[in-house]
Amino acid sequence: MMAWPAGSLAQVGGDIRGKVSGGEGFRPEEVIVQLLNAADKKLVKMEYADAQGNFRISGVRAGKYQVAIQHLAYNRYLSAEIVHSTATDLGEIRLEAAARQLREANVVAQKPLVQQQYDKTVLNVAGSISAAGSNALEVLEKAPGITVDQNDNIAMRGRQGVLVMIDGKQVPMSGQDLATYLRSLNAAQIDRIDLITNPSAKYDAAGNAGIIDIRLKKGRNNGTNGTVGLSLGQGVYAKVNPSLSINHRKGPFNYFASYNLGHRRDYNDLDIHRKFFTKEGVETGGNDYDNFFGFRFNTHNVRGGMDYQPNSRTTVGFAANAVINDGIVRSDSKAQSFDAAQAPTGRFNTLGNNDLHRRNYSFNVNFRRLLDTAGRELTSDLDYARYGSWEYQNYRTAYLDASNAPARQDFLLFGDLSGQLDIYSVKVDYVHPIKRWGMKLEGGIKSSWVRTDNDVSFFDRSHGGYDLDEGKSNRFIYKENINAAYLNGSGNWKKLSYQFGLRLEQTLANGRQVIHEETFDRDYVQLFPSGYLGYKFNDRHDLGVTLSRRIDRPSYRELNPFRVFLDPLTSSTGNPALRPEITASYELVYAFREIYTAKAGYSRTKDNVLSVLAPDVEPNSVLQTNRNLARYDYYHLTVGVPVTSIKWLNSSNTVVAYYGLYRGNLVDTDLNEGRVVFNFNTSNTITLDPKTTMEVNGNFQSRSWYGFLDIASNWQLGIGAQRQFWERKGSLKLNLSDVFLTGRVKAFTKLTGYSEAFRQFRDTRVLTLTFNYRFGGQQQGGPRRRTGGAEEEKRRAG
């Protein structure tokens, strides 16, 4: 059973309620309640009863269902067919005690790894063998339509500008900082990942490619419960991930906490062949690079908080999160220079030693008040976040002539990079159901304030002292205030369902370079409409259309004009002149028997942001920076085909085809390029016995195009096995990723005056052994988690 997009009455149209009871010693919090589609017995939704045995399945679309109830000590209950419209009360259901010898015969429903729904794709990570020992970024790399490029930028269906959230709260980072954080998050902590393509007006307007919402496992039982896990992986280097999550509920108080340590060693082996040309296309020379980067990171991720519920209508909560990351990057860059006739002219070797330190803290205070039994609700959030970074860079470059003799004195460069970012945010949301009209109105306001201060100093140590390099040093101060208001309405009428919303955002921004005394101001107001219209023809055919207008603002790092030294001929810099991307999207959604889905869409992006490598001022040198391209047109088709007819096999298959056409002129080069790209993802679970399963997963990406970059096709295959024990509270998983070591990246780029071909290898083939143990009872459902108000600002902090 599929669910219509967030905000439509398909999500909120009616609840199915009931109460479960049993014999002496009955523990209702161990009850599993499953809502099944009456036609094919497919799982629609799963919930758990509370301590009194009450359960509620919210937002169930009108239709025919059955309810299955399971408890380890009782016989499985299956209701008769239920015809559900707006609200259904099943009353009290009493379970019959099962004979002890039949306890192991109870069947526990297992969701497929990938589920295609109308408005999103759901990855059910919990229980996945292929996810065992993996981190969140590695799980995303295997997801349908998701790609991660050589610079750790995440794209959805070929488009960057994706928002990443944890339990509805956007991750306060982007780019490589975001990738480092996701690598520290053990997949054993993840319940599911939602890939949302059509957010409503309630969400911040940021993110023109969609939202990735990572939902963590949580406990909801009275008393204390949690999960402990340990993952040991070995590729070229070792990876270790211990984790612990715990929840304690007693009376009106609920406390929750989790800790995850990510210790990873990794490498990046990067070969580059560069050529330079005159404007007429005559080759002038180039460089061949042999680069090796070794990484070692220790990331501590601590989350905790509490909820206080003095009565059934009021909840006050507090949550805090800390991410502490310390890393060392060792680099060895060897470059051979040649002239127009390909004759060697010299070479250099740069050794780098960089110490990185990140301290990210965020705090949220939230309030929720249910105003009446009709569903009127008021919520509010106060957020504060601070992100500090310190980085110390040491580079030593030795220069040799064509005969490998020293050409000049070694160049020694020391960099002291520090930055601090503060975010304040407040938001209020209100929900008002209008049952007479079968609709729901939502509205809210939000304000956020951001201040970032980055100070970068580079010193030339070639002569024994610390001589300030003013060309590489600067201080950048950026302030931003965003004020927003939205109104969203949703409902249905007979077979028609709808959702329409409008969001208004005002942006006030100011940036200042202290050393060069350069400033810029950005003041603008934007409207962001979004909507959905769906029609259910019959039990077999559903059709819907969506539309939205969204914005993707540059991250604070992308606006920062500091020049980062990579080697004597390569550097990168931010671009304070970057304008935000504006995207208008349209999508047609069709579902057959609410199982098989097809989505076709079109979007147009104005001022599309591209990362561009281009010739720099010095001869045979390049500069990497982000620039605005005039226009990007994007077409896509997504088809989901699950296979469940074979008893021992559960297969999820997704095909994504898209065509992106880039148009504009950057660095004196006209760009009018596009290519049809195919992505095929398959996930197959093989059941050997009730406690033993295997998985085979594969992903193929055809040759693709990103701006000026022509990327070769690649594919990966992973296999794994799982064994459950101790009444399914313990599990042991063995997984081998990228079996044939095919997860490499090859690409070529060419523009006026410059071309480059590169090949990149990483530590992708890893054998991982993972142990997980759940204590204190069932671990699904969860304590209330709030989405704070500073989410879009936090994402851009990286």
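Observations on the model:
Matching residues to (1) assigned by TED's automatic domain parsing to the domain that holds Val612; (2) surrounded by fewer than 15 Cβ atoms within 10 Å (Cβ to Cβ); (3) within 30 Å of Pro615 (Cα to Cα):
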site	(1), (2), (3)
Asp689	yes, yes, no
Thr693	yes, no, no
Phe700	yes, no, no
Phe708	yes, no, yes
Asp738	yes, no, no
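- Test: residue in segment 353-360 that is farther than 25 Å from Ser571 by Cβ, at pLDDT 90 or above and surrounded by 14 or more Cβ atoms within 10 Å (Cβ to Cβ): yes
- Of everything listed in (1) surrounded by 14 or more Cβ atoms within 10 Å (Cβ to Cβ); (2) under 28 Å from Trp449 (Cα atoms); (3) more than 25 Å from the chain's Cα centre (by Cα), the single unmet condition for Thr519 is (1).
- Check on Ser497, over 16 Å from Ala205 (Cα atoms), hydroxyl-bearing (Ser, Thr, Tyr) and buried (at least 16 other Cβ atoms within 10 Å of the Cβ): yes
- Assessment of segment 323-332 against the conditions (part of a strand (DSSP E or B), among the charged types (D, E, K, R) and more than 28 Å from Phe761 (Cβ to Cβ)) yields no matching residue.
- Residue count for segment 246-278, restricted to those that are surrounded by 14 or more Cβ atoms within 10 Å (Cβ to Cβ) and either small (Gly, Ala, Ser) or out of contact with any strand residue (DSSP E or B) (no Cβ under 8 Å at 6 or more places or on another chain) (or both): 3
- Filter result (in a strand (DSSP E or B) and either in contact with a Lys or Arg (Cβ under 6 Å, 6 or more places away or on another chain) or free of Cβ contacts under 8 Å to residues at least 12 places away in the same chain (or both)) within segment 593-609: Asp607
- Counting only strands (runs of 3 or more DSSP E) that sit completely within segment 137-226, those holding 1 or more residues that are of a type in the set (Gly, Ala, Ser), under 25 Å from Leu637 (Cβ atoms) and at pLDDT 70 or above correspond to 154-156, 210-216.
- Among (1) modelled with pLDDT of 65 or more; (2) part of a loop (DSSP other than H, G, I, E, B) - the single one Pro112 does not satisfy: (1)
- Failed condition for Val676, given (1) at pLDDT 90 or above; (2) not polar (S, T, N, Q); (3) not in a strand (DSSP E or B): (3)
- Any hit, segment 399-406, residues being polar (S, T, N, Q), over 26 Å from Gly285 (Cα atoms) and assigned by TED's automatic domain parsing to the domain that holds Ser448: no
- Residue in segment 64-84 that is within 19 Å of Lys494 (Cβ to Cβ) and modelled with pLDDT under 85 present: no
- Verdict on Gln760 being assigned by TED's automatic domain parsing to the domain that holds Lys691, under 23 Å from Leu137 (Cα atoms) and surrounded by fewer than 20 Cβ atoms within 10 Å (Cβ to Cβ): yes
- Screening Phe367 against (1) of a type outside the set (Lys, Arg); (2) surrounded by 14 or more Cβ atoms within 10 Å (Cβ to Cβ); (3) not in a strand (DSSP E or B) leaves a single unmet condition, (3).
- Residues in segment 384-422 that are under 30 Å from Ala341 (Cα atoms) and in a strand (DSSP E or B): Arg396, Thr397, Ala398, Tyr399, Leu400, Pro406, Ala407, Arg408, Gln409, Asp410, Phe411.
- Some residue of segment 634-654 being within 30 Å of Val564 (Cα to Cα) and surrounded by 19 or more Cβ atoms within 10 Å (Cβ to Cβ): no
- Hits in segment 484-524 (condition: in contact with a Lys or Arg (Cβ under 9 Å, 6 or more places away or on another chain), free of Cβ contacts under 8 Å to residues at least 60 places away in the same chain and of a type in the set (A, V, I, L, M)): Ala485, Leu496, Leu508, Ala509, Val514, Ile515
- Unmet criterion (only one of (1) touching a Gly at 6+ places or on another chain (Cβ under 8 Å); (2) loosely packed, with under 15 Cβ neighbours inside 10 Å; (3) on the phi > 0 side of the Ramachandran plot) for Gly438: (2)
- Complete set of residues in segment 282-318 that are closer than 26 Å to Arg376 by Cα and basic (Lys, Arg): Arg313
- When segment 58-85 is limited to residues that are under 34 Å from the mean Cα position of the chain (by Cα) and not in a strand (DSSP E or B), the one that is surrounded by the most Cβ atoms within 10 Å (Cβ to Cβ) turns out to be Val60.
- Candidates are the residues of segment 583-618 that are of a type in the set (S, T, N, Q) and within 30 Å of Lys275 (Cα to Cα); the one that is surrounded by the fewest Cβ atoms within 10 Å (Cβ to Cβ) is Ser611.
- Gly281 meets the stated requirement of being without any contact (Cβ under 8 Å) to a residue 40 or more places away in the chain and either outside any strand (DSSP E or B) or surrounded by 16 or more Cβ atoms within 10 Å (Cβ to Cβ) (or both).
- All told, Arg540 meets the bar of being farther than 30 Å from Asp455 by Cβ and free of Cβ contacts under 8 Å to residues at least 60 places away in the same chain.
- Comparison of Leu559, Leu566 shows that the only residue that is over 22 Å from Val162 (Cα atoms) and either out of contact with any Cys (no Cβ under 8 Å at 6 or more places or on another chain) or in the same structural domain as Gly207 (by TED's automatic domain parsing) (or both) is Leu566.
- Neighbours by Cβ (under 6 Å, 6+ apart or cross-chain): first from segment 192-218, buried (at least 24 other Cβ atoms within 10 Å of the Cβ) and among the polar types (S, T, N, Q); second in a strand (DSSP E or B) and modelled with pLDDT under 80: Thr197/Gly210
- When we screen Leu578, Leu588, Leu623 for residues that are farther than 30 Å from Asn474 by Cα and either in a loop (DSSP other than H, G, I, E, B) or modelled with pLDDT of 90 or more (or both), the only hit is Leu588.
The values are calculated or read from the model by the stated rules, or taken from the named source; none is laboratory data. Source: prediction; values computed, not measured. Here the Cβ is made from the backbone with ideal geometry for all residues, glycine too, and neighbour counts use every protein chain on show.
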